[in-house]
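Undergrad: Take this structure, written in C-alpha cells, and hold onto it; I'll ask about it next.
The values are calculated or read from the model by the stated rules, or taken from the named source; none is laboratory data. Given the structure is predicted, the values throughout are model-derived calculations rather than measurements. A quick note on method: Cβ atoms are made from the backbone with ideal geometry, for glycine too, and the neighbour counts reach across all protein chains shown.
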Amino acid sequence: MDVERLYRADYGRILATLIRLLGDFDLAEEALQDAFAAALEQWPGEGEPASPRAWIVSTARHKAIDRLRHRTRFEDKRAALETLATLEESPVSSDPIESVVTDERLRLVFTCCHPSLAVDAQIALTLRSLCGLSTDEIARAFLVSVPTMAQRLVRAKQKIRDARIPYRIPPDEQLPERLEAVLRTVYLVFNEGYAATSGDTVVRRELTAEAIRLGRVLSELMPDRTEARALLALMLLHDARREARISANGEPVPLEEQDHRRWDRAQIQEGLTLVKSALRDGGAGFYALQAAIVAVHAEAECAENTDWRQITRLYDLLAERHSSPVVELNRAAAVAMADGPARGLELLDALESRGGLADYYLLPAARADLLRRLGRWEEAAATYRRALPLVANEPERRFLERRLAEVESKSRLARG
Amino acid sequence: MQYLLLIYQREAELNGWTDADKAAFYEAYGPFTQGIVKSGHMRAGAGLQPIATATTVRVRDGKTLTTDGPFAETKEQLAGFYLIEAKDIDEAIAIAAKIPSARFGSVEVRPTIAGH
C-alpha cells in the first residue's frame with residue numbers, strides 16, 4: 001500500500017486513534033500530517049514498513065511528543081507536560097489500530113457531528129477528519145475561499161476544546177437524536193454533491209463518493225440502526241442514476257426522460273437489498289421511506305412502467321410523518337404523474353399559498369413544467385422566467401432556458 | 001468544568017397563564033434543583049425578578065451612565081440561571097434539558113473560562 005492510498009483509505013481511522021492517544025484534536029492532526037510527510041520522504045528509499053499503519057501511528061506519536069516538547073507558551077506547557085507524562089507511560093502495542101477501529105471512528109463521527117457545532121462546521125470537520133480531504137478540497141467543493149474554510153475548521157476545533165465536546169459515542173438515551181444529526185450531515189454532503197446548488201457542474205462526484213463512503217462506515221459500525229442502512233441505500237440508489245441524469249452537454253435530464261439502461265444495475269441491486277432489509281427490520285423513517293420511493297423508480301425498466309401509484313402512497317406516508325415543503329413539492333410532482341398535471345398543480349398552488357419555499361427555484365420550475373405539460377404555454381413561459389433568477393447552478397439554468405425557449409416557440413405557434 | 005445555564009423565557013407568555021399553571025410551573029423547579037444539588041452538579045443559581053426591575057450600567061470616559069432596561073426588544077428575556085459542574089458539554093446539555101423552562105423557553109449553555 002503506497003502512502004497516498006493509505007492516506008485516502010485510513011486517514012479517519014488513524015486520526016481517531018491518535019485523538020484518543022493524545023486527547024487533543026489539533027495536535028493529533030498536526031502529528032499525523034508530520035507522520036505522512038515522513039512516510040513520503042522515507043518509504044521510497046528505505047522500503048515500506050511491514051505494518052504501514054502501525055508505522056504511521058507510532059511515528060505520529062513521536063512527532064506529537066516532539067511538538068509538545070517544543071511548546072513555549074507557559075499555559076500550553078503545563079497541559080503539555082501532563083500529556084507527555086501519560087504518553088510516555090502508555091505502551092504502544094504492535095498494531096494499535098485493529099482492535100479498536102470500530103469504536104474510534106464512531107467516536108470521531110459523533111464528535112464532528114455534535115449538534116453544538118454549526119451544520120457548516122460539522123460538514124467541514126467530518127470531511128476533513130474522517131475522509132481526510134484537504135482544506136483546499138473542501139473549500140473548492142463548497143465554493144468558499146480557502147481562508148474562510150480554514151477559519152471554519154479552526155473555530156470548530158476550538159469549540160470542541162473550549163466547550164468540552166466529548167470524544168465518545170453518546171449514551172443510549174441520547175443516541176437516536178445524535179445519530180440523526182450524524183445522518184443529516186452525511187446526507188447534506190451527499191446532496192451538495194448530487195444536486196450542487198451552485199457552480200459549473202450538476203454533480204460533484206467527490207462529495208457523493210465521500211458521503212457514500214461515510215454511509216458505509218456508519219451502517220457497518222451500527223448494524224442494528226436501520227436508519228443508517230436506509231440512508232446508505234438511498235444514496236446508492238440516487239447515485240446509481242448518475243450517468244443518465246446528465247446529458248452529453250452537462251445539463252440535467254429529468255427522471256421521466258432518463259435512459260434506464262444507463263443506470264448502474266449492480267449498485268441498484270445493492271441499494272434494493274439494503275432498503276428491503278431496513279424496511280423488514282422495522283425502519284420506516286425519513287430515509288427508509290425516501291429510499292423506498294427511489295427503489296420503486298429503480299425497479300421500473302423504463303420511465304413509462306414506473307408505478308406512480310405506489311410512489312404517491314409512499315409520499316403520503318412521508319408527508320404524514322416528516323412533512324416539509326420539499327417533501328410536499330416532490331409529492332405534488334408524483335401526484336402529477338399518477339393523476340395528471342392538473343391535480344399536481346392544485347397541490348403546488350396550496351404549497352405556494354402557504355408561503356413555503358419562496359426563494360427555491362424548484363417550486364416555480366416544477367410549476368412551469370406542469371403548465372408546459374398542460375399545454376398552457378404562455379403561463380409556462382412566465383413561470384420559467386420567474387424561476388430563472390433563482391438558479392445558481394449553471395447547467396440547471398441552461399436546462400430551464402432551453403425549456404423556456406421551447407414553450408415560447410409553442411406559444412407563438414399557438415397564437416399563429 | 002463549569003457551565004452557566006442561562007434560562008430565557010417570554011415574560012409576556014408567562015403573564016398570560018392561570019395562577020394554577022404558574023404555581024405548577026414554579027413548583028417543578030423544586031425537584032429539579034434538589035436533584036442537581038444531590039447529584040453534586042449544582043454550584044449556584046437563582047431566578048430573576050421581571051425585566052421591568054432591571055437597570056443597565058455603563059462607564060464611558062470615567063462617567064457612570066445608568067439607564068432603565070435592557071429594552072425588551074428580544075422575544076425572550078433572561079429569567080434565571082444555574083452554574084453547574086459537569087464533565088463535558090453532553091452532561092451540561094442533559095441537565096439543561098431538565099430545566100422546567102426549557103419546555104417553552106430556551107436554555108443557553110455556556111462554558112466558563114477556567115478560574116484559578
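Undergrad: Condition test on B:Ala46, is it part of a helix (DSSP H, G or I) and away from chain A (no Cβ under 14 Å)?
TA: Criteria not met by B:Ala46.
Undergrad: Oh, and also: Residues to consider are B:Thr33, B:Thr67; find the one that is part of a helix (DSSP H, G or I), away from every other protein chain (no Cβ under 14 Å) and in contact (Cβ under 8 Å) with a residue 12 or more places away in the chain.
TA: None of the other options fit; the residue is B:Thr33.
Per-residue answers, yes or no, for (1) touching a strand residue (DSSP E or B) at 6+ places or on another chain (Cβ under 8 Å); (2) part of a helix (DSSP H, G or I); (3) surrounded by fewer than 21 Cβ atoms within 10 Å (Cβ to Cβ):
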position	(1), (2), (3)
A:Glu270	no, yes, yes
A:Leu279	no, yes, yes
A:Gly283	no, no, no
A:Ala292	no, yes, no
A:Glu304	no, yes, yes
A:Ile311	no, yes, no
A:Leu317	no, yes, yes
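Undergrad: All but one of (1) at pLDDT 85 or above; (2) farther than 18 Å from A:Arg20 by Cα hold for A:Ala141, so report the exception by its number.
TA: Checking A:Ala141 against (1) at pLDDT 85 or above; (2) farther than 18 Å from A:Arg20 by Cα, the one that fails is (1).
Undergrad: Output the residues belonging to region B:78-100 that are assigned to a strand (DSSP E or B) and not β-branched (Val, Ile, Thr).
TA: B:Leu78, B:Ala79, B:Gly80, B:Phe81, B:Tyr82, B:Leu83, B:Glu85
Undergrad: Would you call B:Ala86 loosely packed, with under 13 Cβ neighbours inside 10 Å, within 14 Å of another protein chain (Cβ to nearest Cβ) and closer than 25 Å to A:Pro115 by Cα?
TA: For B:Ala86, the condition - loosely packed, with under 13 Cβ neighbours inside 10 Å, within 14 Å of another protein chain (Cβ to nearest Cβ) and closer than 25 Å to A:Pro115 by Cα - is not met.
Undergrad: Which members of region B:24-53 meet the condition of being surrounded by 11 or more Cβ atoms within 10 Å (Cβ to Cβ), hydrophobic (A, V, I, L, M, F, W, C) and over 24 Å from B:Tyr3 (Cβ atoms)?
TA: Passing the criteria: only B:Ala24.
Undergrad: Across region A:319-354, what is the total count of residues that are assigned to a helix (DSSP H, G or I) and out of contact with any helix residue (DSSP H, G or I) (no Cβ under 9 Å at 6 or more places or on another chain)?
TA: Number satisfying all stated conditions: 2.
Undergrad: Kindly indicate which of A:Arg354, A:Arg372 is among the basic types (Lys, Arg) and over 24 Å from A:Glu304 (Cβ atoms). Don't jump to the end; show me each part of the working.
TA: Values: A:Arg372 fails: over 24 Å from A:Glu304 (Cβ atoms).
That would be A:Arg354, the only listed residue that is among the basic types (Lys, Arg) and over 24 Å from A:Glu304 (Cβ atoms).
Undergrad: Can you pull out every residue in region A:129-183 that is touching a residue at least 60 places away in the same chain (Cβ under 8 Å) and more than 12 Å from every other protein chain (Cβ to nearest Cβ)?
TA: Once the filter is applied, which keeps residues that are touching a residue at least 60 places away in the same chain (Cβ under 8 Å) and more than 12 Å from every other protein chain (Cβ to nearest Cβ), region A:129-183 yields A:Ser129, A:Leu130, A:Cys131, A:Gly132, A:Leu133, A:Glu137, A:Ala141, A:Lys157, A:Ala181, A:Val182, A:Leu183.
Undergrad: Taking the condition polar (S, T, N, Q) and modelled with pLDDT under 90, does A:Asn330 pass?
TA: Details: polar (S, T, N, Q): yes; modelled with pLDDT under 90: no.
It is false that A:Asn330 is polar (S, T, N, Q) and modelled with pLDDT under 90.
Undergrad: When you scan region B:1-40, how many residues do you find that are modelled with pLDDT of 95 or more and over 16 Å from the mean Cα position of the chain (by Cα)?
TA: Result for region B:1-40: 7.
Undergrad: Name every residue in region B:101-115 that is assigned to a strand (DSSP E or B) and facing another protein chain (nearest Cβ under 10 Å), in order of residue number.
TA: So in region B:101-115, the residues assigned to a strand (DSSP E or B) come out as B:106-111.
B:Val109, B:Arg110, B:Pro111, listed by residue number.
Undergrad: Counting just the residues of region A:117-151 that are of a type in the set (Gly, Ala, Ser) and assigned to a loop (DSSP other than H, G, I, E, B), which one comes out farthest from the chain's Cα centre (by Cα)?
TA: Looking at residues that are of a type in the set (Gly, Ala, Ser) and assigned to a loop (DSSP other than H, G, I, E, B), I get A:Ser145.
Undergrad: Yes or no: A:Arg225 basic (Lys, Arg) and either away from chain B (no Cβ under 14 Å) or more than 29 Å from B:Ile93 (Cα to Cα) (or both)? Before you say what the answer is, go through the steps one by one.
TA: Numbers: basic (Lys, Arg): yes; either away from chain B (no Cβ under 14 Å) or more than 29 Å from B:Ile93 (Cα to Cα) (or both): yes.
Answer is yes for this residue.
Undergrad: Restricting the first residue to region A:222-239 and requiring it to be at pLDDT 95 or above, which pairs with a second residue that is of a type in the set (D, E, K, R) meet a Cβ separation below 7 Å and a spacing of at least six or different chains?
TA: Close Cβ pairs satisfying both conditions: A:Leu232/A:Arg216; A:Leu236/A:Glu270.
Undergrad: Residues being assigned to a helix (DSSP H, G or I), over 32 Å from the mean Cα position of the chain (by Cα) and acidic (Asp, Glu): count how many of those fall in region A:23-60.
TA: Adding up the residues that qualify gives 2.
Undergrad: In region A:180-204, which residues are on the phi < 0 side of the Ramachandran plot and modelled with pLDDT under 80? So that I can check it myself, show each step before the final result.
TA: The initial filter retains those residues of region A:180-204 that are on the phi < 0 side of the Ramachandran plot, namely A:180-198, A:200-204.
Matches in region A:180-204: A:Ala195, A:Ala196, A:Thr197, A:Ser198, A:Asp200, A:Thr201, A:Val202, A:Val203, A:Arg204.
Undergrad: Just the residues that are at positive phi and surrounded by 10 or more Cβ atoms within 10 Å (Cβ to Cβ), please, taken from region B:54-79.
TA: Selection gives B:Gly69 alone.
Undergrad: Could you tell me which numbered condition A:Glu396 fails, if it satisfies all but one of (1) under 26 Å from A:Leu318 (Cα atoms); (2) in a helix (DSSP H, G or I)?
TA: (1)
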